[in-house]
């Protein structure tokens, strides 16, 4: 029986992460400058660990969902500060609830625009059909 174990790489170079997430090394350095990533260094070489990789994934997902880098940073700060503090967790849950409400409103707005665009498309198609008769 052939069983293959997936090996999780412990360390990554900036180039490794750049390729994996299809972003520029400059973007990764920018996130580092913003305090969102904190790689260790060996001379001039940045060494990213699994935690940095997860954070980068969360940063990029947050960006796609409309989180600002400041909001993402705040969530990281709250998470890192004290995972066992009720106050910290309550603050984090408040930020999450706020963002969920914003995203729901955006989704409602998108759905309304899609309905309007579908109606406009149908009207254009009807006029086009009448013009080509």
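The values are calculated or read from the model by the stated rules, or taken from the named source; none is laboratory data. What you see is a predicted model, and the numbers here were worked out from it, not measured in a lab. FYI the Cβ positions are ideal-geometry reconstructions off the backbone, even for glycines, and counts take in every protein chain you see.
Miscellaneous remarks
- Counted residues, segment 41-69 - those being over 15 Å from residue 27 (Cβ atoms) and over 13 Å from the mean Cα position of the chain (by Cα): 9
The rows are residues; the columns are (1) more than 28 Å from the chain's Cα centre (by Cα); (2) surrounded by 10 or more Cβ atoms within 10 Å (Cβ to Cβ).
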| position | (1), (2) |
| --- | --- |
| 71 | no, yes |
| 75 | no, yes |
| 88 | no, yes |
| 93 | no, yes |
| 114 | no, yes |
| 122 | yes, yes |
| 127 | yes, yes |
| 131 | yes, no |
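- If you check 46, 64, 55 for being under 29 Å from residue 104 (Cβ atoms) and surrounded by 13 or more Cβ atoms within 10 Å (Cβ to Cβ), only one passes: 55.
- Residue check, residue 20 buried (at least 16 other Cβ atoms within 10 Å of the Cβ) and assigned to a helix (DSSP H, G or I): no
Residue-by-condition table, conditions (1) modelled with pLDDT of 95 or more; (2) in contact with a helix residue (DSSP H, G or I) (Cβ under 7 Å, 6 or more places away or on another chain):
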{"site": "2", "(1), (2)": "no, no"}
{"site": "7", "(1), (2)": "no, no"}
{"site": "17", "(1), (2)": "yes, yes"}
{"site": "24", "(1), (2)": "yes, yes"}
{"site": "27", "(1), (2)": "yes, no"}
{"site": "41", "(1), (2)": "no, no"}
